[in-house]
1. Can you name the residue in segment 237-272 that is touching a strand residue (DSSP E or B) at 6+ places or on another chain (Cβ under 7 Å) and among the charged types (D, E, K, R) and is also nearest to LEU120 (Cα to Cα) among such residues?
2. For segment 265-283, does any single residue satisfy the condition of being among the aliphatic types (A, V, I, L, M), over 24 Å from SER91 (Cβ atoms) and in contact with a Lys or Arg (Cβ under 9 Å, 6 or more places away or on another chain)?
3. Looking at VAL291, VAL279, which one is assigned to a helix (DSSP H, G or I), touching a residue at least 60 places away in the same chain (Cβ under 8 Å) and farther than 30 Å from TYR433 by Cβ?
4. Can you name every residue in segment 318-343 that is under 24 Å from ILE62 (Cβ atoms) and either open to solvent by less than 10 Å² (accessible area, probe 1.4 Å) or hydrophobic (A, V, I, L, M, F, W, C) (or both)?
5. Against the definition (in contact with a strand residue (DSSP E or B) (Cβ under 9 Å, 6 or more places away or on another chain), open to solvent by 20 Å² or more (accessible area, probe 1.4 Å), modelled with pLDDT under 95 and within 12 Å of TYR265 (Cβ to Cβ)), how does GLY127 come out, yes or no?
6. Among (1) in contact with a His (Cβ under 8 Å, 6 or more places away or on another chain); (2) surrounded by fewer than 19 Cβ atoms within 10 Å (Cβ to Cβ), where does THR432 come up short?
7. Is it the case that some residue within segment 147-158 is over 26 Å from the mean Cα position of the chain (by Cα), open to solvent by 10 Å² or more (accessible area, probe 1.4 Å) and closer than 28 Å to GLN305 by Cβ?
Amino acid sequence: MSSSYIASWRKVFLLSATFLLALLLATSCKKKENTLGLNGLNQNEMLQSFGIDTFSLVTFTIEDDSVITKDAPNVLLGVYNDPKFGVMNASFYTQLRLSGINPNFGDVSSIIVDSMVLGLEYTGSYGDFSPLTLEVFELSEQISRDSMYYAFSTLTYGSQNLIEPGYEVITPKPFGKTIIGADTVDAQMRIHLRKTLAETFINEAASGTAFVSNDAFLEYFKGIMVRTSNPNPASGMGGVYYFNLNDPLSKMTIYYTQEGSQKKYDFVINTNCVDFNHVEIDNSGKPVATVISDTISGMKQFYAQAFKSRAVVQIPGISSIPKKSIIHKAELYLPVQYQTGTKYPPGFDISVATRPKDNPNALLSVGVLGTYNEYNKYYKVDLRNYIQTVVSGLTPNNELIFSPRFFITSADRIIFNGPNTTNKVKPKLVITYTEY
């Protein structure tokens, strides 16, 4: 069979999916309808186009109440009050380990503790830089390597705030550099802890057994919990900060003077330490709570928020594409509500997964990310491979789940325009395929 003959019988179809309800039942090939959803298409792709089909999509938001936060790439600390999402409050728990066993402090009676500082290296932030009132507590319960920890998990801790009195309030500075003595390092939050705690450690190292091994130390000092004690900030105020605990500069350090010499001893936080985030989000009375409880309202606008909620898009019309088709392009555009310069922007990317009908608690990655377009204020998602597998019958047509890419390591939130939005820009799906 010649290539010219093959070309004569192959049909190229163009599918344009929009969320305009007035067009849900349209199946015409009229020239007037050939522009539906085609603004971004190369006109050369339309030369053999025979028609346009339109189909509906359904959008809503689901709540994720079992978010695992153990040993994430970074931890969060802070509180903010989002006008659309409510209050998010993040704290964390972590172990600390010895930088060296059996440290020799010499004559402890000659030691003067200058300070004890918990240094946390910033990796980012969300919201504004309002002052935080912090608290640090010693754990009275072990963090277990074998346990699973979720955003709602807690451990018991002591009643005394370990922060040195007078140092509880910190104004975060997540950008720039931090000067420590004669050294300039990447930006850190420096939390001053009680000198009496440092003195207790030095005395234990000199006369006790807690410093003979890391296991012994973890029995003696199980770890810390770090949180804010700020009352809920006013609407539109506050921020959450991200820290890399596994960076060598994230550590707890005793600075002391002995016989005129300045010295220090570090307690490290590394990959051998177990940590997890505790995150509380109160959406009550906010639009996102309405959509979670009433999925129909998600057709106007729908939401996604780190640690709490995920956006859902159903595309039942994929089943109308002939099984013997090659998908050349399938691009989903999800416009968002966001004004440049406001405090709570959408993240740069969104993750894409499917949720099987027979196992709604499982999320299966589609293997692509949705990329945010700052100029056009939308996420663009390449669904070509996914839709090809659905059309070919290799994958069920399950609903798609969209989440902030850094779902357990950020405070990102997104407001998507739904199909019934009153805003000018609506979501759309554009598909180009060839039937053989």
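1. LYS251
2. Narrowing segment 265-283 to residues among the aliphatic types (A, V, I, L, M): 268-269, 274, 279, 281.
Remaining after also requiring over 24 Å from SER91 (Cβ atoms): none.
No, the conditions are met nowhere in segment 265-283.
3. On the way: VAL279 fails: assigned to a helix (DSSP H, G or I).
Unique residue meeting the criteria: VAL291.
4. ILE318, ALA330, LEU332, LEU334, PRO335, VAL336
5. Working: in contact with a strand residue (DSSP E or B) (Cβ under 9 Å, 6 or more places away or on another chain): yes; open to solvent by 20 Å² or more (accessible area, probe 1.4 Å): yes; modelled with pLDDT under 95: yes; within 12 Å of TYR265 (Cβ to Cβ): no.
Judged against the criteria, GLY127 is not a match.
6. So THR432 meets the others, but not (2).
7. yes
Let's see how each residue does on (1) over 14 Å from ASP275 (Cβ atoms); (2) surrounded by fewer than 20 Cβ atoms within 10 Å (Cβ to Cβ); (3) out of contact with any Phe, Trp or Tyr (no Cβ under 9 Å at 6 or more places or on another chain):
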position	(1), (2), (3)
PHE201	yes, no, no
GLY223	no, no, no
VAL226	no, no, no
ASN232	yes, yes, yes
VAL240	yes, no, no
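The values are calculated or read from the model by the stated rules, or taken from the named source; none is laboratory data. Quick caveat, the model's predicted, so the values are computed rather than measured. For neighbour counting, all protein chains shown are included, and Cβ atoms are generated from backbone atoms with ideal geometry for every residue, glycine included. Accessible surface areas use protein heavy atoms only, side chains included; no ligands, DNA or RNA. Shrake-Rupley method; radii C 1.70, N 1.55, O 1.52, S 1.80 Å.
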